[in-house]
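The values are calculated or read from the model by the stated rules, or taken from the named source; none is laboratory data. Just so you know, these numbers come straight off a predicted model, no measurement behind them. Cβ sites come from the backbone with ideal geometry, for glycine too, and all protein chains shown count toward neighbours.
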């Protein structure tokens with residue numbers, strides 16, 4: 001009977017259990033997985049600390065309360081409320097964006113992300129999606145608060161406000177993620193971020209205020225198509241530009 005060939009000297013034999021599946025090298029995670037990992041990291045930190053949504057939300061509500069005290073809330077409430085909502089959201093966005101990127105600056109976390117095999121576009125998508133969710137949480141607090149302070153019928157105008165927020169917020173999140181990464185390494189990063197971001201947000205903020213004004217004046221949501229298109233184009237431009245240029249800007 002033939003004997004099986006012996007192993008070469010110095011080799012170590014590893015027993016293989018009967019029926020065991022052969023080992024294969026695992027494939028690297030895809031683009032969506034990388035983006036989800038970045039988003040999940042931000043969400044876990046926020047769920048543990050709550051610092052972004054809590055700080056930005058309280059600030060936005062404070063702006064709404066001060067505005068309700070400063071301006072008459074009688075028949076003019078519907079004229080004042082659109083500006084109050086979007087001024088509150090815009091200032092809260094700067095706080096949320098700044099804090100979201102400051103986390104990456106602490107303990108050189110951003111450097112670790114940049115040297116990791118995560119695609120730059122996936123990093124941008126994950127950060128933008130996280131900021132988008134943070135802003136959505138802030139809007140979920142400030143819009144009902146403003147409706148209460150200015151005596152708005154939230155059941156009647158709520159669906160329209162939801163559509164306006166859904167059209168405006170992605171562009172705010174994408175532009176904030178893009179320019180927040182550019183300013184995170186500067187000394188006066190909060191000042192630089194606000195100085196750069198507010199002029200860029202002017203088109204979508206003006207469209208959001210105008211659409212909200214028309215909605216509160218009695219216009220149907222179907223009549224706000226022009227404003228929705230403008231906000232959608234703004235968001236599309238910054239999402240496409242961020243995905244294409246984020247790597248150059250964050251490493252430059």
Filtering the range 123-147 for residues that are under 20 Å from residue 64 (Cα atoms) and either touching a helix residue (DSSP H, G or I) at 6+ places or on another chain (Cβ under 8 Å) or assigned to a loop (DSSP other than H, G, I, E, B) (or both) leaves a count of 13
Within the range 204-241, which residues are at pLDDT below 90 and within 22 Å of residue 92 (Cα to Cα)? none
Report, by residue number, each residue of the range 77-118 that is touching a residue at least 60 places away in the same chain (Cβ under 8 Å) and either in contact with a strand residue (DSSP E or B) (Cβ under 8 Å, 6 or more places away or on another chain) or not in a helix (DSSP H, G or I) (or both). 117, 118
What are the residues in the range 229-243 that are surrounded by fewer than 19 Cβ atoms within 10 Å (Cβ to Cβ) and either touching a strand residue (DSSP E or B) at 6+ places or on another chain (Cβ under 8 Å) or under 12 Å from residue 164 (Cα atoms) (or both), if any? 229, 232
From the list 38, 89, which residue is closer than 24 Å to residue 162 by Cβ, under 23 Å from the mean Cα position of the chain (by Cα), surrounded by 14 or more Cβ atoms within 10 Å (Cβ to Cβ) and at pLDDT 80 or above? 89
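I need the full set of residues from the range 66-76 which are assigned to a helix (DSSP H, G or I) and surrounded by 15 or more Cβ atoms within 10 Å (Cβ to Cβ), in order please. Write out each step before concluding.
Pass one, the range 66-76, residues assigned to a helix (DSSP H, G or I): 66-70.
If the condition is that a residue be assigned to a helix (DSSP H, G or I) and surrounded by 15 or more Cβ atoms within 10 Å (Cβ to Cβ), then 67, 68 are the ones that fit.
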Any chance you could count how many residues in the range 162-192 are in contact (Cβ under 8 Å) with a residue 60 or more places away in the chain, out of contact with any helix residue (DSSP H, G or I) (no Cβ under 6 Å at 6 or more places or on another chain) and either crowded, with 20+ Cβ neighbours inside 10 Å or under 14 Å from residue 133 (Cα atoms) (or both)? 0
